[in-house]
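Novice: A single structure is presented below for examination.
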């Protein structure tokens, strides 16, 4: 091993190797329990989370990595969707059965894409639901006892025709947040995740009756989120300096730390002038739009101004700001909340309980492994562990400031960014931009409907899609998914962009691996020739390993895929330059060395490719006829001969003619024969 370490040092990169945690939790953003998984769920979150979790299992040991997620079972979107399909006679069963059915189909889709979760649970049924109920209640009591909760009277919409309170998704209007591009605003949040006071929703309408709803006052529990403002600024500075959180996510988070503001159209300037003397102190700022921006010193001043604007019928929009974070509501289909200070029959609002759900699922998993009690704290509350949370950009607010404020609040009244062992630690947020469908934002609630995840498997194999989505660079920008079979504008002669990475597997690497096996079978009785790998081959392999490792550590997944692409193509080029068109026999020393070198390259590429294309690479492992220590990064720099117990006697498994390690989809076979 010392020679191998010296070889690595010669690359000049060893000193810059990243440090990984001893233990890691990976979480995938939870899909709502109202439908199957769609393009965004699979292509934007779960494939990336699974590849990273598989990489960590190889890198730090599978016993040190837990990958959890589950169905987000509660909330008004599920209730409203269920109501609509019942009206259309599309489901025969109650709401609980509906969520069960969707959970089952979501798990089937994840399995079909080889997403290898340690646990895909549910928040409303099974043992995970019991644990979730207790853990959410515990979080609530800790936040209450630490003085971080407050009762607030707020507006809830009431349908006067049907005599019922309306849940969040039973009210639709326009988002009041300035600059928001959301297609729909609901009672207190829009389809892009912006939160606001229900009274601010523009042009509200009941989805049940179509009428304008009344506004009635109710009491609920809220987390005093603005009180954590300074600590949250410290937190986002910590993320910027100590993690690889993506710049656009940090920018989005920082927008919530701006001072409270109101945007008023310039054509209402006269009405605004009438209120100047009575408004709380503010500064006036010009904007690039047709509005002026009034910036206030605090949230109370902005609320006072809003009340005066409403009295004068001045239309306005509010800016992003830290506002109290709602913990409870009165929706019947929700997790029951504790009764405190006489507020009873409340349920948790879906967002705070869904932020706690990954901890509940971790606890459920560990209990099933015979590790009950506070074992979850070794993963969420230890300096030796790290939590990696894969989410879409619409959910940055919730997994960012809201979640961190909850974590702070559990520490007591004196909280810190670098808490001691036993307290909830800062998580790594891995935020992806939107997956576009044919260059349009695809949303199940919008005009452009994304294809369901299962439908894509009618045209591509899971590994082709995994490699393609992993290569797209969602950490930098929203990118279009353009499958030729689903693109009405595609020309018959056009190449399918989805198959670029698929062809790398099914054609380029498949050909390289098969060439090695067929040649060693033909000339060397299926045995790897004895000899050392050339130093230039070792150095290039080591450089590739270290570049790939760095890219994965920094969550630059498209870069990792690019590194692999270049290296795999270099294998084919090397083989062609040393073997193609040349007469060969078993006595040819050049052929022996070429096989030794090429097998080392194939071995290296197989290890790096394992998280992305697990089935194909595990088939390569099967034919190498060695154990899965091949994928162990403690031995990633070693030549293949080191992994063989008895090289002189060891034979690879016989590869029959025309057997593929990476298979094409049946619909593609004719095209590429």
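Taken together, the values in this text are just the output of simple stated rules run on the coordinates, not laboratory data. Quantities reported herein were computed from a predicted structural model and do not represent experimental measurements. Every residue, glycine among them, receives a Cβ derived from its backbone with ideal geometry; neighbour counts consider all protein chains shown.
Novice: Using Cα pairs closer than 8 Å and at least 6 residues apart in sequence, work out the relative contact order for the chain, in percent. Walk me through the numbers on the way to the answer.
Specialist: On the way: 1107 pairs, mean separation 108.0, N = 673.
It comes to 16 percent, rounded to a whole number.
Novice: Here's a follow-up. At 20 °C and 1.002 mPa s, what whole-number value in µm²/s does Stokes-Einstein give for the translational diffusion of the range 499-672, with Rh from the Kirkwood sum over Cα pairs? Spell out each step's value before the answer.
Specialist: Numbers: Rh = 16.5 Å.
Answer, rounded: 130 µm²/s.
Novice: Please report, in cubic angstrom per residue, the volume enclosed by the convex hull of the alpha-carbon atoms of the range 295-392. It would help to have the intermediate numbers written out before the result.
Specialist: Details: hull volume 22.2 nm³, N = 98.
Per-residue hull volume (Cα only) is 227 Å³.
Novice: Where does helix 614-624 land angle-wise versus the long Cα axis of the chain, in degrees 0 to 90, nearest 10?
Specialist: The answer is roughly 20 degrees.
Novice: Just to be sure I understand the model, the point goes 7 Å from the Cα along the line to the Cβ. What's the resulting residue 345 to residue 86 distance in nm?
Specialist: Placing both labels 7 Å beyond Cα along the Cβ direction yields 1.9 nm.
Novice: Please give the length that would be gained between residue 142 and residue 656 if that part of the chain were fully extended, namely 0.36 nm times their separation in residues minus their C-alpha to C-alpha distance (nm, one decimal).
Specialist: On the way: separation 514, 0.36 × 514 = 185.04 nm, distance 6.30 nm.
Fully extending the segment from residue 142 to residue 656 adds 178.7 nm.
Novice: Along the Cα-to-C-beta direction of residue 162, a point sits 7 Å from the Cα; which residues of the range 182-216 have their amide N less than 18 Å from that point?
Specialist: It comes to 185-188, 204-216, nothing else.
Novice: Per DSSP helix of 4 or more residues, -39500 (n - 2.57); summed, then divided by the residues of the chain. What does that give at 222 nm, rounded to the nearest 500?
Specialist: Values: 21 runs with 256 residues, N = 673.
Result for the chain, helices only: -12000 deg cm²/dmol.
Novice: Right, something else. So what's the projected area for the chain, the Cα convex hull averaged over all directions, in nm²?
Specialist: Working: hull surface 136.6 nm².
Taking a quarter of the hull surface, the average projection is 34.2 nm².
Novice: Separate question: Roughly speaking, what is the centre-to-centre gap between the range 226-265 and the range 510-534 when only Cα atoms are used, to the nearest Å?
Specialist: 55
Novice: What angle, in degrees between 0 and 90 and rounded to the nearest 10, separates the Cα long axis of helix 95-112 from the longest principal axis of the Cα atoms of the chain?
Specialist: Long axis of 95-112 versus the principal axis of the chain: about 30 degrees.
Novice: Residue 300 versus residue 625, label points 7 Å from Cα toward the beta carbon: distance in nm?
Specialist: Here the answer is 8.0 nm between the modelled labels.
Novice: By average Cβ neighbour count within 10 Å, what is the ranking of 95-107, 120-132 from highest down? Walk me through the numbers on the way to the answer.
Specialist: Details: 95-107: 18.6, 120-132: 21.8.
Ranking the peptides 95-107, 120-132 by packing returns 120-132, 95-107.
Novice: From the C-alpha coordinates alone, can you work out the Kirkwood hydrodynamic radius of the range 548-637, in Å? Walk me through the numbers before you get to the answer.
Specialist: Details: mean 1/r = 0.0689 Å⁻¹.
For the range 548-637, the Kirkwood estimate is 14.5 Å.
Novice: Hey, rough spin-label estimate for residue 414 and residue 274, points 7 angstrom out along Cα→Cβ, what's it come to in nanometres?
Specialist: Computed distance between label sites residue 414 and residue 274 equals 5.3 nm.
Novice: Given the Cα atoms of the range 24-73, and with Rh set as the inverse mean 1/r over their pairs in the Kirkwood sense, what is Rg to Rh to two decimals? Numbers along the way, then the final one.
Specialist: Numbers: Rg = 12.0 Å, Rh = 11.5 Å.
On the Cα set of the range 24-73, Rg over Rh gives 1.04.
Novice: With only alpha-carbon atoms counted, please give the Rg and Dmax of the range 237-323, in Å.
Specialist: Cα-based Rg and Dmax for the range 237-323 come out at 15.5, 49 Å.
Novice: So, R0 is 51 Å and r is the distance between the beta-carbons of residue 233 and residue 578; what FRET efficiency does that work out to, to 0.05?
Specialist: Values: r = 59 Å, r/R0 = 1.15.
Once rounded, the FRET efficiency stands at 0.30.
Novice: What order do you get for 483-492, 288-297 when each peptide is scored by the mean count of other beta carbon atoms within 10 Å, highest first? Intermediate results must be reported in sequence, preceding the final value.
Specialist: Numbers: 483-492: 12.5, 288-297: 15.7.
The packing order, highest mean first, is 288-297, 483-492.
Novice: While we're looking at this one, here's another question. Nearest 10 degrees, 0 to 90: what angle lies between the long axis of helix 535-553 and the longest principal axis of the chain (Cα atoms)?
Specialist: Taking Cα atoms only, the helix is inclined about 10 degrees.
Novice: Please give the contour-minus-distance gain from residue 484 to residue 283: 0.36 nm per residue of separation, less the Cα-Cα distance, rounded to one decimal in nm. Before the final figure, lay out the partial values.
Specialist: Details: separation 201, 0.36 × 201 = 72.36 nm, distance 5.28 nm.
The span from residue 484 to residue 283 would gain 67.1 nm if fully extended.
Novice: Per 0.36 nm of contour for each residue apart, how much would the distance between residue 374 and residue 202 grow if the chain were fully extended, relative to their Cα-Cα spacing?
Specialist: Numbers: separation 172, 0.36 × 172 = 61.92 nm, distance 4.60 nm.
Gain in length upon complete extension: 57.3 nm.
Novice: Let me ask you something else. Using only the alpha-carbon atoms of the range 363-466, report the extent along each of the three principal axes, biggest first, to the nearest angstrom.
Specialist: 50, 33, 21
Novice: How do 266-276, 362-372 rank on mean C-beta neighbours within 10 Å, highest first?
Specialist: Values: 266-276: 12.2, 362-372: 17.4.
The packing order, highest mean first, is 362-372, 266-276.
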